[in-house]
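K.L.:
Below: one structure in structure tokens.
Just so it is clear, none of the values below were taken in a lab; they were calculated from the coordinates. Predicted, not measured: the structure shown is a model, and the values here were computed from it. Using ideal geometry, Cβ is built from the backbone for each residue, glycine included, and neighbour counts are taken over all protein chains shown.
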Amino acid sequence: MKLSQPRIPPLAESEWSEAQRKVLGPVKAGQPFYNVLGTLARHWDAAQKFTVWAYHVMGETSRIAPREREILILRVGWLCQAEYEWGQHVIFAREAGLTDAEIARIKAGPDAPGWTPFEAALLRATDELHHDSCIGDATWKALAERYDNLQMMDVVFAVGQYHLVSMALNSFGVQLDAGIKGF
């Protein structure tokens, strides 16, 4: 973790407004309540808008298959050294069908042996977006052989979303949730 203590601690349930109670109460009752959600809840107006976009990137309206999306997210989390992001998305990646060996190989990047050409292109696109804020022509062409325009847009949206999330997690000092391993 970049920070050993939160700079912005998660909002305690005792601090929730009535509006927050209506939204967060059912979430807390139905699944683990993640530190990231508690932290974002401190800026409630932004959190409500942020989650709409986040549900597009992670949800059914995204045109990217979950396995491919998790390759993108884990790679950007690794590049940003966002340990919270990495730890949470290892779980999602396994659910999407990535093996532990593939998850570990994401750290090595697109040139690591074992990737299909398309998977390597996904990793390369993430690297290019992270370093240059633009997917290069060769990588774009490789992805466009299989992806349509909406999927290409969702690649950029997923990497951009999780770059933002990584910056927030790192800067706010969001700590790993109980039972979640980092790097």
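K.L.:
I need the peptides 6-13, 152-159, 49-56, 171-178 ranked by packing, meaning the mean over residues of other C-beta atoms within 10 angstrom, with the highest value on top. Write out the running numbers ahead of the final one.
P.N.:
Details: 6-13: 15.0, 152-159: 20.2, 49-56: 13.1, 171-178: 17.2.
Ranked by mean Cβ neighbours within 10 Å, highest first: 152-159, 171-178, 6-13, 49-56.
K.L.:
Shape of the stretch 66-172 from its Cα gyration tensor (a ≥ b ≥ c, root eigenvalues): rounded if a/c is under 1.5, otherwise prolate when a/b > b/c, or oblate? Intermediate results must be reported in sequence, preceding the final value.
P.N.:
Values: a/c = 1.62, a/b = 1.21, b/c = 1.34.
Since a/c reaches 1.5 but b/c is at least a/b, the shape of the stretch 66-172 is classed as oblate.
K.L.:
If you don't mind, there's one more thing I want to ask. Using C-alpha positions alone, give me the convex hull volume of the chain per residue in cubic angstrom. Provide the component values of the computation, followed by the final result.
P.N.:
Working: hull volume 22.1 nm³, N = 183.
It comes to 121 Å³ per residue, whole-number rounded.
K.L.:
Among Glu18, Glu83, Glu60, whose mean-square fluctuation peaks in a Gaussian network model of the chain (Cα, cutoff 10 Å)?
P.N.:
With Cα springs under 10 Å in the chain, the top fluctuation among Glu18, Glu83, Glu60 is at Glu18.
K.L.:
Let me ask another. Can you tell me what the convex hull of the Cα atoms of the stretch 13-58 projects to on average, as an area in nm²? Let's see the in-between values first.
P.N.:
Values: hull surface 13.1 nm².
Convex hull of Cα atoms, orientation-averaged projection: 3.3 nm².
K.L.:
Rounded, prolate or oblate for the stretch 9-115? Axes are the square roots of the Cα gyration tensor eigenvalues, ordered a ≥ b ≥ c, and the cut-off for rounded is a/c under 1.5.
P.N.:
prolate
K.L.:
Same structure again: Express in nm, to one decimal, how much length is gained between Asp148 and Gln5 on full extension, taking 0.36 nm for each residue of separation and deducting their alpha carbon distance.
P.N.:
On the way: separation 143, 0.36 × 143 = 51.48 nm, distance 4.28 nm.
So the extension gain works out to 47.2 nm.
K.L.:
Between Ala96 and Glu13, what is the spin-label point distance in nm, taking each point 7 Å from the Cα along the Cα→C-beta axis?
P.N.:
In this crude label model, Ala96 to Glu13 measures out at 3.1 nm.
K.L.:
Quick check on the chain: helices-only [θ] at 222 nm, where DSSP H runs of length 4 and up contribute -39,500 (n - 2.57) each and the sum goes over total residues. Nearest 500, please. Show your work: numbers first, answer last.
P.N.:
Numbers: 9 runs with 116 residues, N = 183.
The per-residue figure over the chain is -20000 deg cm²/dmol.
K.L.:
Where does helix 83-95 land angle-wise versus the long Cα axis of the chain, in degrees 0 to 90, nearest 10?
P.N.:
The two axes meet at around 70 degrees.
K.L.:
Please give the contour-minus-distance gain from Arg63 to Lys49: 0.36 nm per residue of separation, less the Cα-Cα distance, rounded to one decimal in nm.
P.N.:
That pair, Arg63 and Lys49, stretches by 3.0 nm at full extension.
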